Amino acid sequence: MVQIKRARIHIGDGKVLESADIKVKDGKIQSIGVDLPVEEERVIEGAGMELFPGFIDPVSGYGCTGLGTRTKDNDEVSDPITPRVKARYAFSREEIAVEKLEEIGMTAICASPGSTNIIGGEMALFQTCGANPARMLRVETAALRGSVTRMVMRTYEPRKVRPITRMGIFMELREYLRDLKQKKDLSSAEEMVLQGEIPLIMHAETVAEIIALLEITEEAGITPVLFGAYEFDRCLDLLLRKRVPVIMGELTELSKGNYFSTDLKKVQDFFAEDIPISYSLSSDRTEGRVKYLWNAMEYYRAGISSEQVLQMMTQNAARILRVQGDHGTLEVGKRADLVMYKNHPIETYDAQAVLTMIGGEVVFEREGLLSC
């Protein structure tokens, strides 16, 4: 049992409690309030600290890329349509441990196939610390992942195997989705997408890719989650009308935000319509964990409030992955995934994580943190 006292608690849904306490018992949040009675085995002083829900990366290659090898373990490039492959089998505890994601407060990632296939396979939600992958696994089939980007063409063009053009990509996708409802041997992920139980997360970056993707998925009666979406601002009315959730791509790698001239301030329009928008660290290469916070600050600098940016990192990511019952906000009864900072990491570079908890277990504690 742990109690954190007198912290500034950010719930993750826009609410902030000043100088409040939080109690954790049996891996869950037991109570939140002001001046709660002290009954816990350990009491942590949080005065002057900022307390947040654990951060979630909703599309991640962490733990799945095969460090030290030439082959990415999460890219099955034998066929452009591979719905049955599972990212959970690419996941390595030893590989993700190297990244030390808990040291910035990232408590969960949705391990994903890469963007080389039109339909790349199943995503799986993992916590970022644990004894082995089986214990770290939170949701085995969290989403079905695909891509309509140039990465598909770059993969198959050298082999002269379709698709080698944008035309070929969308033809293959339309045929796949058209046949999906008639298939008798659907994978579990395909069945769950058709039933609306998990999202279809599709990588599309340009406005042309986004519009074509939405046209074809609408024919199949599916509303996808857009990933990447650097030119979302050029078809914003369409996205809002169709209520399409978005996971923005990584902004700092090769200055993609500037390359696409993305108007990040338009992220606010999703909040106005209560459509979840989040962001991911995934890109063409593995990124260092600090860039996750740099991305958050890009939205803040663009005029998005720090509480809205926090929602992108927590509640909205959980909503998109449909795990908001356990993750994404600090509420009584939910898993105790949380991080405490000295100073606000979205508002200033002069911020430092001092404590991270996953499922009620302290997995990171900076030396010198005071206990009462």
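Quick notes on this one:
- When the stretch 203-224 is filtered for residues that are hydrophobic (A, V, I, L, M, F, W, C), out of contact with any helix residue (DSSP H, G or I) (no Cβ under 6 Å at 6 or more places or on another chain) and open to solvent by less than 60 Å² (accessible area, probe 1.4 Å), the ones remaining, listed by number, are ALA208, ILE210, LEU213, LEU214, ILE222.
- In this structure, GLU197 does not qualify as modelled with pLDDT of 95 or more, part of a helix (DSSP H, G or I) and farther than 25 Å from GLY14 by Cα.
- Options GLU140, GLU94: the member that is more than 20 Å from TYR176 (Cα to Cα) and without any contact (Cβ under 8 Å) to a residue 12 or more places away in the chain: GLU94
- Residues in the stretch 298-312 that are within 19 Å of LEU101 (Cα to Cα) and touching a helix residue (DSSP H, G or I) at 6+ places or on another chain (Cβ under 6 Å): VAL309 alone.
- Candidate set: the stretch 85-100, residues that are under 22 Å from ILE320 (Cα atoms) and out of contact with any helix residue (DSSP H, G or I) (no Cβ under 8 Å at 6 or more places or on another chain); chosen: the one surrounded by the most Cβ atoms within 10 Å (Cβ to Cβ): ALA87
- From the options LEU370, LEU355, LEU338, residue that is open to solvent by 40 Å² or more (accessible area, probe 1.4 Å) and either within 15 Å of MET49 (Cα to Cα) or at pLDDT below 95 (or both): LEU370
- VAL339 assigned to a strand (DSSP E or B) and under 18 Å from the mean Cα position of the chain (by Cα): yes
- Selection count where residues are modelled with pLDDT under 90 and over 17 Å from PHE227 (Cβ atoms), scope the stretch 260-290: 4
- Contact annotation: residue pairs with Cβ atoms under 6 Å, 6 or more positions apart or on different chains, pairing a residue in the stretch 303-316 that is farther than 10 Å from HIS10 by Cβ with a partner that is outside any loop (DSSP other than H, G, I, E, B) and open to solvent by 10 Å² or more (accessible area, probe 1.4 Å), are GLY303/LYS265; GLN308/PHE271; VAL309/TYR300.
- Matching residues in the stretch 288-308 - criterion: being crowded, with 22+ Cβ neighbours inside 10 Å and either part of a loop (DSSP other than H, G, I, E, B) or among the hydrophobic types (A, V, I, L, M, F, W, C) (or both): ALA296, ILE304
- Complete set of residues in the stretch 78-107 that are assigned to a loop (DSSP other than H, G, I, E, B), among the polar types (S, T, N, Q) and modelled with pLDDT of 95 or more: THR82
- Of all residues in the stretch 322-347, those that are among the small types (Gly, Ala, Ser) have Cβ atoms under 7 Å from Cβ atoms of residues that are open to solvent by 10 Å² or more (accessible area, probe 1.4 Å) and part of a loop (DSSP other than H, G, I, E, B), 6 or more apart or on another chain, in ALA336/GLY27; ALA336/GLY359; ALA336/GLY360.
- First in the stretch 26-45 and over 24 Å from GLY328 (Cα atoms), second anywhere and open to solvent by 50 Å² or more (accessible area, probe 1.4 Å), Cβ under 7 Å, 6 or more apart: GLU40/MET1; GLU41/MET1; ARG42/SER371
- Out of THR223, THR217, one residue alone is among the hydroxyl-bearing types (Ser, Thr, Tyr), part of a loop (DSSP other than H, G, I, E, B), at pLDDT 95 or above and farther than 19 Å from MET313 by Cα. It is THR223.
- No other residue among THR107, THR165 is in contact (Cβ under 8 Å) with a residue 12 or more places away in the chain, out of contact with any helix residue (DSSP H, G or I) (no Cβ under 6 Å at 6 or more places or on another chain) and more than 25 Å from GLN324 (Cα to Cα) apart from THR165.
- Which numbered condition LEU254 fails, given (1) modelled with pLDDT of 95 or more; (2) assigned to a helix (DSSP H, G or I): (1)
- Elements of type strands (runs of 3 or more DSSP E) contained in the stretch 1-77, each with 1 or more residues being open to solvent by 60 Å² or more (accessible area, probe 1.4 Å): 2-10, 16-25, 28-33, 42-45
The values are calculated or read from the model by the stated rules, or taken from the named source; none is laboratory data. Note that the coordinates shown come from a computational prediction; the quantities given were computed from them, not determined experimentally. When we count neighbours, we look across all protein chains shown, and the Cβ atoms used for this are built from the backbone with ideal geometry, even at glycine. We work out accessible area using only protein heavy atoms, side chains counted, and drop any ligands, DNA or RNA first. Shrake-Rupley method; radii C 1.70, N 1.55, O 1.52, S 1.80 Å.
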